[in-house]
Amino acid sequence: MSLLLRKNKLWGRIEEAILEVIELAIDLFLSKRNFPIHEDDLNRKFYFCLVSANYQLQKQNRGLESPPFYEGNNQPSSDDVQRASREAKRPDFQWSITDISEPDPEKSSKQFVLECKRLGKPVGTWILNENYVKHGIKRFIDKDHGYAHGVESSAMLGYIQDMDVTNILDAINREVKLMKQPLINNQINRSNHIQLSHRLSKSFPLNEIEVKHIWIEIPLNIEELDQ
């Protein structure tokens with residue numbers, strides 16, 4: 001039987017709260033002008049939108065007690081008897097929560113990860129859609145990266161700079177198929193983003209993870225993109 005049957009109601013509520021913060025942050029982000037070119041700069045700009053969104057929702061008794069931390073290392077896990085290679089890796093954003101339904105106190109600290117990548121046509125020799133899989137999706141199932149270790153779900157944010165969504169999805173699913181993982185599906189068009197779901201198999205706890213793919217379109221001058 002799958003370990004991901006939403007038995008953990010607390011985690012389900014945490015996920016809903018984080019997704020609400022992300023959706024409001026997207027509204028704030030897309031209302032801005034002069035988007036930076038580089039992915040790291042886009043992420044930094046989005047960080048302040050996440051902080052502002054959580055601030056607004058906290059005033060309505062929603063959101064989370066703390067905003068995410070930006071480019072922080074993966075946290076240690078009691079599953080590892082010594083320092084693991086994953087502890088040196090840095091997801092783009094993490095929310096850390098205490099899961100009071102966890103019977104083992106040492107495993108009660110859990111992190112929801114949001115990893116961000118650009119999507120669209122290749123930039124020189126850098127294949128954005130392929131990179132989304134090999135340097136994004138794969139990090140949730142690669143033991144050396146171990147993003148979202150031991151939790152039921154997390155998410156990826158895709159910055160669509162050009163290219164049709166259908167073509168992007170086809171390109172990504174070709175790479176996903178090579179990894180012998182289920183394809184991304186269940187596309188839902190929201191007011192400010194496209195959301196897709198993806199259930200991945202992995203060899204370390206838990207044995208599956210659901211990744212929400214959240215894609216937004218941003219205006220960029222492609223001629224100025226880094227080569």
Per-region count, region 146-191, residues within 28 Å of P76 (Cα to Cα), in a loop (DSSP other than H, G, I, E, B) and either β-branched (V, I, T) or in contact (Cβ under 8 Å) with a residue 60 or more places away in the chain (or both): 7
Residue within region 135-143 that is outside any loop (DSSP other than H, G, I, E, B), open to solvent by 80 Å² or more (accessible area, probe 1.4 Å) and at pLDDT below 95 present: no
Test for N189: is it at pLDDT 90 or above, of a type outside the set (F, W, Y) and exposed (fewer than 13 other Cβ atoms within 10 Å of the Cβ): yes
Residue match in region 57-72 (condition: more than 16 Å from the chain's Cα centre (by Cα), surrounded by 14 or more Cβ atoms within 10 Å (Cβ to Cβ) and in a helix (DSSP H, G or I)): yes
Members of region 78-113 that are of a type in the set (S, T, Y) and touching a strand residue (DSSP E or B) at 6+ places or on another chain (Cβ under 9 Å): S96, T98, S108, S109
Selection count, region 84-134, where residues are free of Cβ contacts under 8 Å to residues at least 40 places away in the same chain and open to solvent by less than 50 Å² (accessible area, probe 1.4 Å): 6
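The values are calculated or read from the model by the stated rules, or taken from the named source; none is laboratory data. Just so it is clear, the structure is predicted and the values come from calculations on it, not from any experiment. Note: ideal-geometry Cβ built from the backbone for every residue, glycine included; neighbour counts use all protein chains shown. We work out accessible area using only protein heavy atoms, side chains counted, and drop any ligands, DNA or RNA first. Shrake-Rupley method; radii C 1.70, N 1.55, O 1.52, S 1.80 Å.
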